[in-house]
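Heads up: the structure comes next, in structure tokens.
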Amino acid sequence: MPRLALVAPFALVLGLDLLLEATAHAGPVQFVEQRKNFMVFDDDGTVEHANWFSRTGFYGGYYPLEDGFLEVHPDDGQFIVVYSTFDLVDGVGAFYQSLANDVAGIGYSHAADFDPVIPAEFFDDTPNSQFIGMLHMNNWRKFILTGTTEIDDWWISLVFGQELGHAWLAFPHVAGGGNTELLLGRSQAHWNFYMHSGGSPVEGHRWTDNGDGTFTAPKLEQFEFSDLDLYLMGLMDPSEVKPWFVIEDPHDCVDSALPNQECPPASSFLFQADSFTVSGTRRDVTIDDVIMAEGEREPAYPDAPNEFGISFLLVKRPGEVLCEEEYALIDEIIDRSIAMWVGQTRGRASIINRTFSADPITPGVFCEAGTSTGDTDPTGDSTSSASDSGPVDPPTTGTAPTTDATSTSAGASSGDSDSDGSSGGVDTDAGCGCRSPGPPATPLALLLTLAAFRRRTRA
């Protein structure tokens, strides 16, 4: 993907030089082996314990990763996707981090106001590579249904869809009506809970106007990008974008698990009932409202890229051994992630797996008792295993802690109802793949569900 030549302020250039100098003597992650869809690297702890919540901390973890990868692979991708054999720190389920942006008209100027890593609307923090974004998908076992070896397609549809979608989504303001942030929900980087997003992985819901002042949304099993999403991604002409609506003044949420049918805030995402009904006032929105606030997207469809090169990495601790069946599951997770994401764009985009290898791979160990170190690292510390690290119930998987007593109990398998049997709506500030924009609540050693950051995250 070509980038515009960007002139950075002197202070930013100086800051980047200092960052590069600070990380220059940190040894890069070490290449281990090539699998079918991904490459395996050993991490000395730099990636595992990076403080992803600060600019210096993020690049302290990212630059060694990029350096190690580019030592053994061509610079031919726009995105780098990282899976790990260990969990991200508490409060982070998965995340996307923008490394560069030269796209106008999608709201990155607003993102720069709250994202601690994004310095400005237009920037390039990877001048030595083509990468424009990093996805950290967390422990790969979170994409396996708890207690099974079955891949969780729902989780892939939501988390991978959202995190890659965060390269362009969701920050735009709208003109007119007073509330310019009408479309925005969690962390100002996801769609409003009450926005009719058609079931976007970047949140909102597929609302139906019942014609009597009430609106109903179903629980979704799969997610698809909306017309607005596709426009912001450069995959749809503005003339094709159908009007949509947002429910204002929500009240009488009959499916809410909160007291007195209290409605969750716009920053919420998932709910546990089979459907969710709310009363409110419909406000119609058009793509012109977005363009009036943000300007036209540049580059615009059809000149914007619609093919994206992605490199997939598995980062593990030195001495960890994965067996062939586990590697095969990771290959399948990647295959399904690519196919699902292309389907979510309605076939308007394509992905090239830059780390795919057609060369035969010499088999390693097979899954027999004691052969995989997925349960215990070489030092004896407990790590996640396939039986206990699968996704928990969506509203709390990988999310920052919530004080809402009605939130779903952690530990339920993906898609299950509350452990107490309730099925009402859940008020949560984290969904999939993101992180909280604030500093971590605990020191570096501890640094959403679906995300709580975008940026950026879901998951």
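Observations
- Hey, Phe269 at pLDDT below 95 and either buried (at least 24 other Cβ atoms within 10 Å of the Cβ) or in a strand (DSSP E or B) (or both) or not: yes
- Of all residues in the stretch 139-159, none are out of contact with any strand residue (DSSP E or B) (no Cβ under 7 Å at 6 or more places or on another chain), over 26 Å from Ile334 (Cα atoms), at pLDDT 95 or above and open to solvent by 10 Å² or more (accessible area, probe 1.4 Å).
- Subset of the stretch 105-118 that is open to solvent by less than 10 Å² (accessible area, probe 1.4 Å) and over 17 Å from the mean Cα position of the chain (by Cα) - its residue that is farthest from Asp43 (Cα to Cα): Gly105
- The listed residues are Ala358, Ala369, and the only one of them that is modelled with pLDDT of 90 or more and surrounded by fewer than 15 Cβ atoms within 10 Å (Cβ to Cβ) turns out to be Ala358.
- Note on the stretch 320-353: residues that are open to solvent by 50 Å² or more (accessible area, probe 1.4 Å) and not in a helix (DSSP H, G or I) total 5.
- Within the stretch 209-220, residues that are closer than 14 Å to Cys253 by Cα sit with their Cβ atoms under 6 Å from residues that are aromatic (Phe, Trp, Tyr) and at pLDDT 95 or above, at 6+ positions apart or across chains, in these pairs: Phe215/Trp207; Ala217/Trp207; Ala217/Phe276.
- Check on Pro363, open to solvent by 50 Å² or more (accessible area, probe 1.4 Å), at pLDDT 95 or above, assigned to a loop (DSSP other than H, G, I, E, B) and of a type outside the set (Lys, Arg): no
- Scanning the stretch 179-219 for residues that are more than 15 Å from Ala266 (Cβ to Cβ) and either part of a strand (DSSP E or B) or open to solvent by 20 Å² or more (accessible area, probe 1.4 Å) (or both) yields Gly198, Arg206, Thr208, Asp209, Asn210, Gly211, Asp212, Gly213, Thr214, Thr216, Pro218, Lys219.
- Counted residues, the stretch 89-104 - those being more than 13 Å from the chain's Cα centre (by Cα) and not in a strand (DSSP E or B): 6
- Any pair with Cβ under 7 angstrom, 6 or more apart, that starts in the stretch 109-133 at a residue that is of a type in the set (Gly, Ala, Ser) and at pLDDT 95 or above and ends at one that is surrounded by 21 or more Cβ atoms within 10 Å (Cβ to Cβ) and assigned to a loop (DSSP other than H, G, I, E, B): Gly133/Leu99; Gly133/Ala167
- Residue that is surrounded by the fewest Cβ atoms within 10 Å (Cβ to Cβ) [pool: residues in the stretch 56-99 that are touching a Phe, Trp or Tyr at 6+ places or on another chain (Cβ under 6 Å) and of a type in the set (A, V, I, L, M)]: Val72
- Qualifying residue in the stretch 303-318 (condition: assigned to a loop (DSSP other than H, G, I, E, B) and of a type in the set (Val, Ile, Thr)): no
The values are calculated or read from the model by the stated rules, or taken from the named source; none is laboratory data. What you see is a predicted model; the values in this text were computed from it and never measured. Cβ sites come from the backbone with ideal geometry, for glycine too, and all protein chains shown count toward neighbours. Accessible surface areas use protein heavy atoms only, side chains included; no ligands, DNA or RNA. Shrake-Rupley method; radii C 1.70, N 1.55, O 1.52, S 1.80 Å.
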